[in-house]
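Notes follow the structure.
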Amino acid sequence: MKVIEVRNLRKQYPNHLAVADVSFEVAEGEIFGILGPNGAGKTTTVECVAGLRERDGGTVRVAGLDPATDRDELRRVLGMQIQSAALPEKIKVWEALDLYASFYPDPADWRELLERVGLGPKRDTAFKKLSGGQRQRLSVALALVGRPRVAVLDELTTGLDPQARRDTWELIEQVRTSGVTIVLVTHFMEEAERLCDRIALIDAGRVVATDTPAGLIAQVGGEQRLRFRPSAPVDDALLLALPEVREVSRSGEQVVVTGSGNLAPAVTLALAHHQVVPGDLRIEQATLDDAFLALTGRKLS
Amino acid sequence: MKLLVTETKLHLREWPLLLFTVLLPLALLVVLGLSIPDFTRADAGGERFVDAQWPSMMTLLSLLTLSCSALPATLVTYREQGVLRRMSTTPVGPGRLLGVQLLINLGIGIVTTTLLILTGALVFGSAAPRQMGWFVLVFLLGTAALLAMGLVIASLAPNAKVAPGIGSAVMFPLMFIAGMWVPRDVMPDVLRMISDYSVAGPFAQALRDSWAGQAPQLLHLVVVAAGLIVFGGLAVRLFRWE
């Protein structure tokens, strides 16, 4: 069942066209990623979905509601964590949760939520004194306290250190198990690859491709690269003879083999056959970054 | 309701602000009243400066501090930090938060004014406002006009750093024209005429009149009401949530 349907969304700002033509669907219970470089129109897109901005064209439905006309009802089914939105400095963690819970007709038990996001020990701490990661976890909790069907999380881990980022990812994976549909806006390839069931790649206000992370990578051919330092000289022809190998190049003592399929086993087997040991062997696989580059001709970050 | 409770708690945590809005007017009432002999000398009509003139000035001081400085500071900070934006994702919406802020500032104004009346009675044996009905009406009308002006200041201030500056630039001339340093009675005619149309001036005069037992002048009520309409209209038109 589709919980979000966006068709031909368009949003024009006075000076530029933020969203030219965006369409996607999100299924119930899915973690759906909206991935693209800064300024691609990701935030504007989800703000139109959440009814925080009025769209100029296209249709949007969230659980059957139109954000433009059913704003009040939408607020009850959609929770949102906005980029760079904060709380009053001196509000305590429990007060914020208690307050936001009071805004909804059938809220979650905020005490339980507090523990779930790992802020139990910080219950009485003022918002100002929380670290970046703790603030984001509170932010996620506030987006969930109204028991929404859909939670929109915008640039959740931007500005966090790697440890806090990983903690936040774990939290999102936990939230998934509770059945909430999540729309995750990010410009981190790694984040999208790890968390999302499906991803819409957005560039310059348009959807470039929508697929699973593996599907997107497969779209660009699923190329792999093997780097190693051979223990004895190797002839390029020997490797090029393998069906999996497309190209062989060298940089210094290092050999770089590009190809697809079962590239690594095929190459190592061929080397072993000639008593060559591949030292410092590294396998590089295509990433979402490569997929984005192939689809748009531009780097993601 | 919980929003009101929480925001009130947050306000009380900003206690340095309360020093200015509550304690300063009280302290000035007592300290200047006790130390300047003229303040407690009865005039021909048997009325002392400390009976109605000075406490109504202190009421104005508190209300101007609330509306020119406290209210805009809170709202601009909330806007800048995204607190209002965050509220707009909930079923409650940021309008309620704005209403609660106005209510809290009105509440502080009422508390301060009540304390001024009680302190005046205790320290100087002054009477409570003699025309209580008029006094309450004037107080509510004038406070509403000043708070609406505060909303306009909050709308015009580009960020939280500039807001206090704009607030002071509005507040001190208003305090002067309302008669804080040169009482309206001894103002040159031109100055008093300007004062009559300055919203703060007629507000102070109407507070004083009803405090001393007279009905406020119609002109003063009309100017204060007009102030409410103008600032209220501007606030509605200019207010920015983000």
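Derivation of every value follows stated rules applied to the coordinates shown; laboratory data play no part. All figures in this text were calculated on a predicted structure; none of them were measured in a lab. Glycine also receives a Cβ, built like all others from the backbone with ideal geometry; neighbour counts cover every protein chain displayed.
Per-peptide packing, taken as the mean over residues of other Cβ atoms within 10 Å, places B:141-147, B:36-42, B:53-59, A:290-296 in the sequence B:53-59, B:141-147, A:290-296, B:36-42 from highest down. The fraction of Cα-Cα pairs per 10 angstrom bin, counted from 0 for the range B:1-114, comes to 13, 37, 25, 14, 8, 3, 0 percent, rounded to whole percents. When you restrict to C-alpha pairs under 8 Å that are six or more residues apart and normalise by the size of chain B, the relative contact order lands at 26 percent. Taken about its Cα centre, chain B carries a charge dipole of about 860 debye when Lys and Arg each add +1 at the Cβ and Asp and Glu each add -1 at the Cβ. Each peptide in A:112-125, B:196-209 receives the mean, over its residues, of other Cβ atoms within 10 Å, and ordering these scores from highest gives B:196-209, A:112-125.
Counting every other Cβ atom within 10 Å of each residue's Cβ, B:ILE166, A:ILE34, B:ILE110 order from fewest to most as B:ILE110, B:ILE166, A:ILE34.
For the range B:44-93, the square roots of the Cα gyration tensor eigenvalues, ordered a ≥ b ≥ c, give a/c of at least 1.5 with a/b greater than b/c, which places it in the prolate category.
Legend: ranking of residues A:HIS274, B:HIS11, A:HIS187 from fewest to most surrounding C-beta atoms inside 10 Å; resulting order A:HIS274, A:HIS187, B:HIS11. Each residue in A:LYS90, A:LYS129, A:LYS11 was given a count of other beta-carbon atoms within 10 angstrom of its own, and listing them fewest first yields A:LYS129, A:LYS90, A:LYS11. Look at the Cα gyration tensor of the range B:177-227: its axes a ≥ b ≥ c give a/c of at least 1.5 with a/b at or below b/c, and that counts as oblate. Which shape class applies to the protein assembly as shown: rounded if a/c is under 1.5, otherwise prolate when a/b exceeds b/c and oblate if not, where a ≥ b ≥ c are the square roots of the Cα gyration tensor eigenvalues? The shape class here is prolate. Here's the list of lysines a cross-link from A:LYS299 could span, going by alpha-carbon distance under 20 Å and ignoring same-chain residues fewer than 8 apart: A:LYS42. Cα centroids of the range B:70-99 and the range A:207-264: 55 Å apart. What is the angle, in °, between the Cα long axis of helix B:53-64 and the longest principal axis of the Cα atoms in chain B? Nearest 10 is fine, range 0 to 90. Value to nearest ten degrees: 10.
Converting phi to 3J(HN,Hα) with the Karplus coefficients 6.51, -1.76 and 1.60 and the offset θ = phi - 60°, the range A:268-273 yields 5, 5, 4, 5, 4, 4 Hz in sequence order, with x at every glycine or proline. Histogrammed with a bin width of 10 Å, the alpha carbon distances of chain A distribute as 6, 24, 26, 19, 12, 9, 3, 0 percent, first bin at zero. When the Cα positions of A:ALA40, A:TRP94, A:THR59 are compared along the charge dipole of the range A:1-116, A:ALA40 comes out farthest toward the positive end, with charges on each C-beta of Lys, Arg, Asp and Glu.
Please get the size of the charge dipole for the protein assembly as shown, origin at its Cα centre, with Cβ charges of +1 on Lys and Arg and -1 on Asp and Glu, quoted in debye to the nearest 20. Using only the charged Cβ atoms, the result is roughly 920 debye. For chain A, the relative contact order is 19 percent, taking Cα pairs closer than 8 Å that sit 6 or more residues apart in sequence and dividing their mean separation by the residue count. For the range A:19-119, the Cα-based Rg and Dmax, in that order, read 15.8, 43 Å.
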